[in-house]
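Some notes on the structure that comes next.
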Amino acid sequence: MALLEIKNLHASLEEEGKEILKGIDLVIQPGEVHAIMGPNGSGKSTLSYVLAGRDGYEVTEGEVTFGDKDLLELEANERANEGVFLAFQYPVEIPGVPGMTFLREALNSKRKYHGEEELDAMQFLKLVREKAKSLEMGDDMLKRAVNVGFSGGEKKRNEILQMAVLEPTLCVLDETDSGLDIDALKIVADGVNALRNENRGMLLITHYQRLLDYIQPDFVHVMAAGKIQRSGGKELALELEEKGYADFTGKAA
Amino acid sequence: MPNDMANDNALLKAFSAAAPFDGAPDWFGAATAAGAETFETLGLPTNRTEAWKYTSLRGLGSLSFAAPSADAKAVEIPRDSVAEIQGIEIVLVNGRLDESRSALENLPVGLAITPLPQAIEFENGAVKHALQDEGAIDGLPLAALNTAGISGGVLIEVAKNAVIAKPIHIISIGTAGDEPVAFAPRNVVWVGANAQATLVESHVGVGEGSYFSNSVTHVTVEDEAVFHHYKLQNEARSAYHVAMTHVTCGEKVIYDNFALSCGAKLARNEIRGKLDGSEILYAVNGVYMAAANQHLDNTTFIEHAKPNSQSREIYKGVLDENGRGVFQGKILVQRPAQKTDGYQMNRALLLSRKAEIDSKPELEIYADDVKCSHGATVGELDDDQLFYLKARGISEHDARNMLIEAYLRDALEEIRVDKVAEAFGTKITAWLAERALREDAAS
């Protein structure tokens, strides 16, 4: 069974009624890493929000199945608990909520959802330390309020640490490389690579090819004007790097 | 309006009937009479009274109050409602001091606590001044009503240079049977020069009966003293709570006030501060949390009388269901008060379409070299933050609660005494837990 199957997905902005996704088809099998590349305004981020269940988008046509579940029927938190993880392009600052409290609440929500026992503060701390260590990160940032005053790199690392703790089966990384210098990009890419395994699928959404120097995708898709225009192997990314998106948009991007 | 007048008289009677000051000196009788006269002139305020534009006491007029019964004294202290503070406790039941449960003896060196009737009898200067001060009741009908029929209270004196580490904790309990009761506590606090002390007030209720607590507190902080003054208003949901605090600060005083309001059907927390010295740091802050059928009013007045002082004021509110909040803040800067630095802010978070907040910030400035700013914001929970939490598996309900808690707890940063901040924090958590139960019941 496919991990994620998107069929003819159409979605509009609820308020304006403007169609952004115009028929997306995509299948991700367990263990596969897919990259979606495309110019700004192609609908890449909308796809990630629609998959994660953000309010404000209306799916007008098509279906999305996640394992044996109809993903579109689920609330955002249920999707997360089923195993969908969206790494945000701009992780949100939440003043007053300590990172540790937030992540424990998140993990325990998932455990509760699956009928498992919740972890107490000590058990959780131990788990977080192990996960951070396996990613060669500290857990210091969890002592601060969620993302508040974090540098761009810290915010992205925090996303990767959350991913490691929550152990999703599908990771959607929305423009994970934006705002990162090369060192930070490497750290984040190492984290993602460490989390690659045969059961987990990944969807990398990116504008630039450079992330793919560090994370090797199995498939690359070019998205433009709300549709996947072309699919191929990782060599497609190199081709795009050379030619740009002009072939797909009719203008240089 | 003969009807209103009849109500006013009934209220006045209810209070006067409760007064336990037999054999008090003549000046006290005169002060009481002046209070009654001022109240009769002003009457019970309605929306037509400018200072009470958003908070009407009309509902009070329709209640008929009985004098508090003597056996009310036996009520247990409702520890769940009271602030959890290891303090020097003073217990008032329906406005009267319960001496058996109050720490009046063996107090730390430099601290004296005296029942109000005794302090009156001994002609204590601070008490005499407080009760005779026309400024304390002029144009203030409820303070005048209090003066007309004081139920009881205490005089707290902190000697010059004394440092009292343990907080003093006034627990004011209201309790009524089938008939509503009305009472009027009056407390006088005097903090000597260069002294340091902390006062916590817990206003709580026992039982379902309706009561009206109409308190007045006088605080005088002498030069270079530090006084922390915190109040928890956690009255019974059927109660009316009106409290006036008069604060006077001398040179280089640090005064910080924080009020957490979550109880009562209708509550007004009014603080009038006179900054009668230079280099004062004066702070009045608070949090208010209103649920169904609650009306919570914070009204503050800050008078800068001398140059070079600072005042800070930050209130944060959460209004749920048809809860209503009122914030009125006025800063008056007198001509001599150059280099005044004043800041005032009221932030309200509306959790329901039926909730309401009325903010009225006001500046009146006669000096020409001052820095004063004020503002008010009204908002709802942030959609981006909510989605971020939900995208991590946290339910809408839990996510909302987390954000509300963070918003409220942030205000506690203003409290300078950590253990009080912690004790007030548990009240915020309890309020949110109650809110969660209501939501579960509704869904």
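Considering each of A:V84, A:V59, A:V64, A:V33 in turn, give the residue that is of a type in the set (A, V, I, L, M), within 13 Å of chain B (Cβ to nearest Cβ) and more than 23 Å from B:A406 (Cβ to Cβ). Checking each option against the conditions leaves just A:V84.
Within the range B:259-276, being assigned to a strand (DSSP E or B) and touching a helix residue (DSSP H, G or I) at 6+ places or on another chain (Cβ under 6 Å) holds for one residue alone: B:L260.
Of all residues in the range A:206-228, those being touching a Ser or Thr at 6+ places or on another chain (Cβ under 9 Å) and not in a loop (DSSP other than H, G, I, E, B) number 10. Between A:N40, A:N77, the distinction of being farther than 30 Å from A:E242 by Cβ and not acidic (D, E) belongs to A:N77 only. Taking the stated definitions as given, is A:M137 part of a helix (DSSP H, G or I), closer than 21 Å to A:V188 by Cα and over 19 Å from the mean Cα position of the chain (by Cα)? No: the conditions fail for A:M137. In the range A:148-174, the residue that is farthest from the other protein chains (Cβ to nearest Cβ) out of those that are farther than 15 Å from A:A52 by Cα and part of a loop (DSSP other than H, G, I, E, B) is A:S151.
Can you tell me which residue in the range B:402-439 is surrounded by the fewest Cβ atoms within 10 Å (Cβ to Cβ), limited to those that are away from chain A (no Cβ under 14 Å) and touching a helix residue (DSSP H, G or I) at 6+ places or on another chain (Cβ under 8 Å)? Filtering the range B:402-439 for residues that are away from chain A (no Cβ under 14 Å) and touching a helix residue (DSSP H, G or I) at 6+ places or on another chain (Cβ under 8 Å), the one surrounded by the fewest Cβ atoms within 10 Å (Cβ to Cβ) comes out as B:E439.
Just to be sure before I move on: is B:R347 outside any strand (DSSP E or B) and of a type in the set (K, R) in the structure I sent? In short, no. Exactly one residue out of B:H218, B:H229 is within 12 Å of the chain's Cα centre (by Cα), under 21 Å from B:Q86 (Cβ atoms) and buried (at least 21 other Cβ atoms within 10 Å of the Cβ), and it is B:H229.
When the range B:139-181 is filtered for residues that are among the hydrophobic types (A, V, I, L, M, F, W, C), over 17 Å from the mean Cα position of the chain (by Cα) and more than 21 Å from B:H229 (Cβ to Cβ), the ones remaining, listed by number, are B:A148, B:A176, B:V181. Evaluate the following for B:V420: is it touching a residue at least 24 places away in the same chain (Cβ under 8 Å) and within 21 Å of the chain's Cα centre (by Cα)? Here the answer is yes, as B:V420 does meet what is asked. Considering only residues in the range A:117-147 that are touching a residue at least 40 places away in the same chain (Cβ under 8 Å) and among the basic types (K, R), the one that is farthest from the other protein chains (Cβ to nearest Cβ) turns out to be A:K143. Checking A:S42, A:S12, A:S48 one by one, the residue that is crowded, with 21+ Cβ neighbours inside 10 Å and under 21 Å from B:D384 (Cα atoms) is A:S48 and no other. Restricting attention to the range B:293-328, the residues that are surrounded by 21 or more Cβ atoms within 10 Å (Cβ to Cβ), of a type in the set (S, T, N, Q) and not in a loop (DSSP other than H, G, I, E, B) add up to 4. Being free of Cβ contacts under 8 Å to residues at least 40 places away in the same chain and not in a loop (DSSP other than H, G, I, E, B) is the requirement here; does B:S100 meet it? Considered against the rule, which asks whether it is free of Cβ contacts under 8 Å to residues at least 40 places away in the same chain and not in a loop (DSSP other than H, G, I, E, B), B:S100 comes out as yes.
Among the residues of the range A:52-72, is any touching a residue at least 60 places away in the same chain (Cβ under 8 Å) and under 30 Å from A:V148 (Cα atoms)? Checking the range A:52-72: at least one residue is touching a residue at least 60 places away in the same chain (Cβ under 8 Å) and under 30 Å from A:V148 (Cα atoms).
Annotation note: of B:V200, B:V247, the sole residue that is within 28 Å of B:A30 (Cα to Cα) and either over 17 Å from the mean Cα position of the chain (by Cα) or surrounded by 23 or more Cβ atoms within 10 Å (Cβ to Cβ) (or both) is B:V247. From the list A:Y90, A:Y49, the lone residue that is of a type outside the set (A, V, I, L, M), under 17 Å from the mean Cα position of the chain (by Cα) and closer than 24 Å to A:D25 by Cβ is A:Y49.
Do we find a residue being surrounded by 15 or more Cβ atoms within 10 Å (Cβ to Cβ), aliphatic (A, V, I, L, M), on the phi < 0 side of the Ramachandran plot and away from chain B (no Cβ under 14 Å) anywhere in the range A:101-116? No, because not a single residue in the range A:101-116 is surrounded by 15 or more Cβ atoms within 10 Å (Cβ to Cβ), aliphatic (A, V, I, L, M), on the phi < 0 side of the Ramachandran plot and away from chain B (no Cβ under 14 Å). Return the residue satisfying two criteria in turn: it lies in the range B:19-43 and is under 18 Å from B:P185 (Cα atoms), at pLDDT 90 or above and among the hydrophobic types (A, V, I, L, M, F, W, C), and of such residues it is surrounded by the fewest Cβ atoms within 10 Å (Cβ to Cβ). Taking the candidates together, the pick is B:A33.
If you check A:L26, A:L103, A:L21 for being of a type in the set (A, V, I, L, M, F, W, C), under 22 Å from B:D383 (Cβ atoms), in contact (Cβ under 8 Å) with a residue 60 or more places away in the chain and part of a strand (DSSP E or B), only one passes: A:L21. Considering only residues in the range B:384-401 that are over 15 Å from A:A80 (Cα atoms) and either facing chain A (nearest Cβ under 7 Å) or aliphatic (A, V, I, L, M) (or both), the one that is surrounded by the fewest Cβ atoms within 10 Å (Cβ to Cβ) turns out to be B:D384. Flag: B:E279 matches the condition of being on the phi > 0 side of the Ramachandran plot and acidic (D, E).
At least 2 residues being under 18 Å from B:S102 (Cα atoms) is the threshold, and among the strands (runs of 3 or more DSSP E) wholly inside the range B:186-226 those reaching it are B:186-191, B:196-206.
As a summary of the residue check, A:K7 satisfies the conditions (1) surrounded by fewer than 22 Cβ atoms within 10 Å (Cβ to Cβ); (2) more than 10 Å from chain B (Cβ to nearest Cβ); (3) in a loop (DSSP other than H, G, I, E, B) except for the one numbered (3). Pairs linking a residue in the range B:364-375 that is in contact (Cβ under 8 Å) with a residue 24 or more places away in the chain and over 14 Å from B:D341 (Cβ atoms) to a residue that is basic (K, R) and part of a strand (DSSP E or B), with Cβ atoms under 9 Å and 6 or more positions apart or on different chains, are B:E364/B:K330; B:G375/B:R347. Would you call B:Y343 in the same structural domain as B:R409 (by TED's automatic domain parsing) and modelled with pLDDT of 95 or more? Spelling it out, it is not the case that B:Y343 is in the same structural domain as B:R409 (by TED's automatic domain parsing) and modelled with pLDDT of 95 or more. Does B:E364 qualify as being closer than 22 Å to B:R347 by Cα and more than 8 Å from chain A (Cβ to nearest Cβ)? Taking the combined requirement at face value, the residue satisfies it.
The values are calculated or read from the model by the stated rules, or taken from the named source; none is laboratory data. Source: prediction; values computed, not measured. Virtual Cβ from ideal backbone geometry, glycine too; neighbours counted across all protein chains shown.
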